[in-house]
Amino acid sequence: MRKLQAKPGVLLVEDDPIQAECCKRLLAEFYDVFVAPNTVEAENILARTPDIKILLCDHEMDGEQGLTYCRRLQFRESPLIRILVTGHSEPNFLVEALNSNALFHYLLKPYDRESLLKVLKMAHEAYDERQHELEYQEVSQSGEEEKLSLFGKLIHWGQVIFGLGSMILVTILIVLVVAAIVGVGLLLLLYFLKSFLGIDIFKDSHLSDWF
């Protein structure tokens, strides 16, 4: 049996219950719509439902305005794709809203179903594209960290090998110095025994010539 794909989550913030219900019905076929009458309830829904991808927020509401809320979400780096619904058509207002990067897009009231679905489709694609970029960055960062980790391990083992080699070399030098000292000491002892005590240790005439 084919598993049904979950619908993308959309949070609709609208203080007019009639408009909220109408918008929810327009989107129900393609999206899982959550409705909040204000930004306080919107925060509660987001806390309970982290899989929501898109915010569709009215601007003129009692309490916090929609654009102010979108900017607040931008400030805390929320991954939501934010769309503002407004009756304001003043160019300065809309340009400021878009240039602030607090918004992905806006919809002017009244809007039709096709315009709404088109904007939401673009928002959904933008969300997925951004998630792919984030995943790619994470993979790239993980690869770089792995390379740095490997490089660090190579440096570490290089230092260990160098340290062991240095210890072995120093040990060999110490053994050679000790052996030389012992050898010289034995030669001096043999010379003393022969010269002062008259003890001839080496009976062989060739060896006796050395002492």
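What the table below lists for this structure:
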| quantity | calculated |
| --- | --- |
| Fraction of the pair-distance distribution of region 9-111 above 19 Å, Cα-Cα pairs, percent | 36 percent |
| At most 16 other Cβ within 10 Å, DSSP loop - chymotrypsin sites (Phe, Trp or Tyr not before Pro), region 1-84 | F30 |
| Relative contact order of region 9-111, defined on C-alpha pairs under 8 angstrom at six or more residues apart (%) | 24 percent |
| Trypsin sites (Lys or Arg not before Pro) within region 1-103: DSSP coil, no more than 10 neighbouring Cβ in 10 Å | R2, K3, R76 |
| Amide H contacts of V33 (H built 1.01 Å from N, under 5 Å, at least 5 apart or other chain) | V10 |
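Any read-out appearing in this document is the output of simple, stated calculations on the displayed coordinates, not a laboratory observation. All values derive from a computational prediction rather than experimental measurement. Methodologically, a virtual Cβ is constructed for each residue, glycine included, from the backbone with ideal geometry; neighbour enumeration extends over all protein chains shown.
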